[in-house]
Amino acid sequence: MTPPNLSLAAQETTGSLLPSLGLLPAVIIAAAVGAPAVAQDAEGTVVLDTVVIERQTGAQASTDYRVTEGSSPKLTAPLVDTPKTISVVTQRQMEERNATSVLEVLRTTPGITLGSGEGGTPMGDRPFVRGYQAATDIMVDGIRNLGRTTQEAFATESVEIAKGPGGAYSGRGATGGSINLVSKQAREGETFHEFSGLVGNASQKRLTYDGNVDLGDGLAARLNLMWQDSDVPGRDVLQDDRKGIAAALSKSFGASKLSLNLYHSKTDATPDLGVPMANTDARGNPDYRPELNGGVRFGSGTKSDPWLPIELAGKDAFYGSALRDYREVENQSAMLKFEHEFSNNFKLHSTLAWIGSEQEYIMSRPSVVPEYIQPRGALEPILNPDWDPDRNLAYRDLRSGKRDNSAVAFHTALTGDFHTGAVKHDFAVGLELSREKVRQASSEGTPLLPISDLANPNPWDPVTGSLVWGDWGTPIETTSKALYIFDTLTFNEQWSLNLGLRYDKYEVSDGTISRKDNLLNYSAGVVYKPAPNGSVYLAFGTSSNPSGECAGMAGGADGAGACTLTSNSVNLEPEESKSIELGTKWEVLNDQLLLTAAIFQTEKKNARVEDDLGNVALLGHNRARGFELGAAGQINERWGLSAGYAFVDAKTIDGGFDDGEPSADNGNYLQFVARHSFSLWTTYEVSDRWTVGGGATYTGKRYLNGENTAALPSQWRVDLMAAYKINETAELQVNVNNAFDERLYDASHVGIFANRAPGRSVTAKLNYRF
């Protein structure tokens, strides 16, 4: 039964209004504002104002390639009128492409490339947005998830990627942008059940359930379940088993709404760092031979002919150990959300959240066995006794880690609109409090693998020794207190101004050293609408990168570029970035298709580098500039499209000094960033029963080190899909991802190895909905 106090608009809208916890702040603010949310009629009967939930992404994200509103209350204008590039990958596209993880989503998103963990830098999703790392800028429903982990997609409604410095929106970090995972919410006024069963090559098996029930009287519940038992297509030995549960409950009462979201997932997988890079272990050794032992060359180690991944073994080759290597990841969260509408003009959004993750792994880092080795502290290289001139050999070094992290956060915001004369203001003012902890366990023992044949690695080689995990170390704690305000000033039908300001009190401590900073960031954008369905904007923004912003989530080295908390960086002021962006957005074809274009530049003039005396100083200068094009929506009722292209020219202008000499990185491209990236996904309903679709993803060459002497080659990936509607409740979908079984590379960390992406995946999925 639909509650009588809800309007038809509220009944039909699936609000993703960041409801929230914060009941006490809600009562306090309600009393202070004194808005007429509650009144009495002539007979003294209490009458509650109608709740009209305006923001919505859920139902739209499940059926379309675009959403018209962002999920955050900080976005005070529709996306088409927001002076910022915000790309949204919707549930519809994820399901059609069979993207079951956030990594799969990011892998096919223009303007995003991937980095890798290794050991000190833990495994997990490590995206680079517009040239800059965003691994610690991944949010879940607006709450920062600091832990380096791997995110499943079974309970994700959409993935929002806000590009360009976002200090005003996100706080610390967000130099190139931030990523927000929007969770599936309970929907009032709707009941459905959807079961999906998938089978495929590489023993892929996956079951999911997504069910929503309207329980009446403003109460709704949603449950998502996932189970996966799978190997990795095109790779030997590797497995990727997962299971998860997500529950959501919402209750509307009068002018208020209370929601509870609980989430848990677990992954048992075989970690894989891919294949060795040619000769990168011998960097800086002038006597090292430029060819591999067998005379096969993969580059020569120059900028024009960089070292490449070694492809002597088959596509399914695994340089790790089936007997030693494993990775276990658990993610969990609990969010209590509260929303109260004081009137049609003022709303309160509050969220109290706990997010945690834990991962444990042992894995192998493959690298070429060089003729010479460089001992620590030695001035001259010495002959390597393991080198064999008649064989191609590879090390399989041990890399391990056990970390957990947790975050408690409270966000509350008041949104609404009012007029000052002829100017309309759509505003959001809020408070954010958070405390994050990251800790790492010690370990004892070294389970070793023998040196492997480079062309024929044996994952079943015996393991010598074992590893035992010890006690947890002292946690690294980060606290943040922030105030922000956003305002969209609409002067007339053509002109508006979007302003944002955020102040953060930031503190990080590892129990021995600590750092405190006050961060002030802004955003400003002027929007001109030459027509009701289009906008042109010019925007500015800033971000701040304080020391320790990724403490516990990166290697512990005291390198100048490290974002950890070290004795070298603890006394440095935050790095600062500024951006400028000129763009346009148009809703065409009866507002069904959104077209976007933007040119941008992000610049950091006080990057952490070494000075001529070997000390870390804020003397560096780097810059990313380029342009993006995008299209998302429906061309007509049968033809859907999501496409984008990004050109990112990211360079080191001044890399400081190396051993007293100007850095060899000066003028080079930033590592892990592709200059060109492109993605297309389109579907067409051939008939009432048949839908066919396909897409292509291009990623340009990515350099793996600052010297630009090692790189991953450019690559294309082609995906295909066909779906057949059996009846009104059942549908069969077939996907072929990486249809041509190309050797694809995701990432690297230090240029010694190259992560391999999955090979050809062929799956069939039966969807049953009632």
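Between Phe627 and Asp591, what's the calculated FRET efficiency when r is the beta-carbon distance and R0 is 30 Å? Round to 0.05. Let's see the in-between values first.
Values: r = 24 Å, r/R0 = 0.82.
It comes to 0.75.
Converting phi to 3J(HN,Hα) with the Karplus coefficients 6.51, -1.76 and 1.60 and the offset θ = phi - 60°, region 105-116 yields 5, 5, 4, 10, 10, x, x, 10, 10, 10, x, 10 Hz in sequence order, with x at every glycine or proline.
Fully extended, how many nm does the chain gain between Phe740 and Arg297 (0.36 nm per residue separation, minus their Cα-Cα distance)?
Working: separation 443, 0.36 × 443 = 159.48 nm, distance 2.49 nm.
This chain segment gains 157.0 nm when fully extended.
Return a whole-number percent for the relative contact order of the chain, with Cα pairs under 8 Å and 6 or more residues apart as the contact set. Result for the chain is 13 percent. Helix 23-33 axis versus longest C-alpha principal axis of the chain: approximately 50°, rounded to the nearest ten. Here are labelled values, (i) 20; (ii) 43; (iii) 33, and one is the computed percent of Cα pairs over 46 Å apart for what I pasted. Which one? Structure-derived value, by its label: (i).
Suppose R0 equals 45 Å; then what is the FRET efficiency for Ala722 and Ala422 from their Cβ-Cβ distance, rounded to the nearest 0.05? Walk me through the intermediate numbers first.
Values: r = 55 Å, r/R0 = 1.21.
For R0 = 45 Å, the calculated efficiency reads 0.25.
Taking every DSSP beta bridge that has both ends in the chain, the antiparallel portion is near 100%. Modelled this way, with points 7 Å down the Cα-to-C-beta line, the labels at Asn615 and Val570 are 1.6 nm from one another.
Contour minus end-to-end for Lys481 and Ala730, with contour as 0.36 nm per residue of separation and end-to-end as the Cα-Cα distance?
On the way: separation 249, 0.36 × 249 = 89.64 nm, distance 4.94 nm.
So the extension gain works out to 84.7 nm.
Ranking Val692, Tyr669, Tyr703 by Cα position along the charge dipole of region 653-719, where only Lys, Arg, Asp and Glu carry charges on their C-beta atoms, puts Val692 farthest toward the positive end.
Restricting to DSSP loop positions (anything but H, G, I, E, B) with no more than 10 other Cβ atoms inside 10 Å of their own Cβ, which GluC sites (Glu not before Pro) remain in region 411-515? Can you show the working numbers first?
On the way: sites: Glu432, Glu436, Glu444, Glu477, Glu493, Glu507; in loops: Glu493.
In loop regions of region 411-515 (DSSP not H, G, I, E or B), the sparsely surrounded GluC sites (Glu not before Pro) are Glu493.
No value in this document is a laboratory result; all are computed from the given coordinates. Nothing here was measured: the structure is a model prediction, and the numbers come from that model. Note that each Cβ is placed from the backbone with ideal geometry, even for glycine, and that neighbours are counted across all protein chains shown.
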